[in-house]
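Okay, so here's the structure we're looking at.
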Amino acid sequence: MRKLFLVIAVILLVGLTVGFYPGWVEKPVKDGTGPMAIRLDPGVVAPEYHSPLDWWQKHHMDAVNRGDLAQTDCLYCHQPETSCNNCHRYVGVTVIGR
Ligand code: HEC
Ligand code: HEC
């Protein structure tokens, strides 16, 4: 009887651990789902300096910080809250203002 109780207790513990284990963390993904998803008006076309996009994702800060491009011009297509700051908050970078 006691052994059966122990077995049930162990199964319950393992089940709760697996069930509540925080394995899935949301990331700011382009066209993803959830509040962190990066969204842009599908009507706007990406400018040439975004290409290749994975290079731009890593180097856009250099273009802005160096002054090659003005940050206010980014906001012509980008809404800061839905396509800058959701990623910036995730990585812990300064938030973009209006
Ligand atoms: C003419 C409109 C336009 C302008 C201006 C613009 N963007 Fe974009 N941007 C886009 C579009 C459209 C995409 C999505 C590209 C795609 O999905 O291939 C994008 C994607 C990005 C991404 C990648 C997002 C991701 O997670 O994949 C970053 C970062 C970005 N832009 C930063 C900037 C910055 C910084 C500026 C200003 C220097 C800027 N953009 C100016 C239209 C624009
Ligand atoms: C997909 C993620 C992502 C998106 C979307 C994104 N950024 Fe960034 N941004 C970063 C990362 C990561 C850094 C920091 C890189 C580092 O410090 O090495 C950064 C840094 C910057 C910096 C330099 C900040 C500093 O303190 O030096 C500027 C300016 C900037 N981003 C502008 C923008 C603008 C404007 C947009 C929206 C148009 C945008 N970013 C969208 C990831 C992103």
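Taking the stated definitions as given, is Asp62 of a type outside the set (Gly, Ala, Ser), within 11 Å of ligand 1 (Cβ to nearest atom) and part of a loop (DSSP other than H, G, I, E, B)?
Details: of a type outside the set (Gly, Ala, Ser): yes; within 11 Å of ligand 1 (Cβ to nearest atom): yes; part of a loop (DSSP other than H, G, I, E, B): no.
Spelling it out, it is not the case that Asp62 is of a type outside the set (Gly, Ala, Ser), within 11 Å of ligand 1 (Cβ to nearest atom) and part of a loop (DSSP other than H, G, I, E, B).
Restricting the search to the stretch 73-98, which residues are among the β-branched types (Val, Ile, Thr), part of a helix (DSSP H, G or I) and either within 9 Å of ligand 2 (Cβ to nearest atom) or touching a helix residue (DSSP H, G or I) at 6+ places or on another chain (Cβ under 7 Å) (or both)? Show your work before the answer.
To start, the set of residues in the stretch 73-98 that are among the β-branched types (Val, Ile, Thr) comprises 82, 91, 93-96.
Cutting the leftovers down to part of a helix (DSSP H, G or I) gives us 82, 91.
Val91 - this is the single residue of the stretch 73-98 that is among the β-branched types (Val, Ile, Thr), part of a helix (DSSP H, G or I) and either within 9 Å of ligand 2 (Cβ to nearest atom) or touching a helix residue (DSSP H, G or I) at 6+ places or on another chain (Cβ under 7 Å) (or both).
Within the stretch 16-30, identify whether any single residue is free of Cβ contacts under 8 Å to residues at least 12 places away in the same chain, under 26 Å from Ser83 (Cα atoms) and not in a loop (DSSP other than H, G, I, E, B), and answer yes or no.
Yes; the residues of the stretch 16-30 include at least one that is free of Cβ contacts under 8 Å to residues at least 12 places away in the same chain, under 26 Å from Ser83 (Cα atoms) and not in a loop (DSSP other than H, G, I, E, B).
What number goes with the only condition from (1) outside any helix (DSSP H, G or I); (2) more than 10 Å from ligand 1 (Cβ to nearest atom) that Phe5 does not pass?
Evaluating Phe5 over (1) outside any helix (DSSP H, G or I); (2) more than 10 Å from ligand 1 (Cβ to nearest atom) leaves (1) as the failure.
Would you check if there is a residue in the stretch 37-49 being surrounded by 10 or more Cβ atoms within 10 Å (Cβ to Cβ) and part of a helix (DSSP H, G or I)?
So in the stretch 37-49, the residues surrounded by 10 or more Cβ atoms within 10 Å (Cβ to Cβ) come out as 37-41, 44, 46-47, 49.
Next, from what is left, pick out any that are part of a helix (DSSP H, G or I): 49.
Yes, that holds for at least one residue.
Of the residues that make up the stretch 57-70, is at least one of a type in the set (Gly, Ala, Ser), more than 27 Å from Thr94 (Cβ to Cβ) and surrounded by 10 or more Cβ atoms within 10 Å (Cβ to Cβ)? Walk me through how you get there before you give the answer.
Initial filter on the stretch 57-70 (of a type in the set (Gly, Ala, Ser)): 63, 67, 70.
When the remaining residues are screened for being more than 27 Å from Thr94 (Cβ to Cβ), the result is none.
The answer is no; no qualifying residue exists.
Have a look at Thr33, Thr82 and point out the one that is loosely packed, with under 10 Cβ neighbours inside 10 Å and either polar (S, T, N, Q) or in contact with a strand residue (DSSP E or B) (Cβ under 8 Å, 6 or more places away or on another chain) (or both). Please lay out each step first, then the result.
Details: Thr82 fails: loosely packed, with under 10 Cβ neighbours inside 10 Å.
Residue meeting the stated conditions: Thr33.
Any read-out appearing in this document is the output of simple, stated calculations on the displayed coordinates, not a laboratory observation. Note that the coordinates shown come from a computational prediction; the quantities given were computed from them, not determined experimentally. Counting neighbours? That spans all protein chains shown, and the Cβs are built from the backbone with ideal geometry, glycine included.
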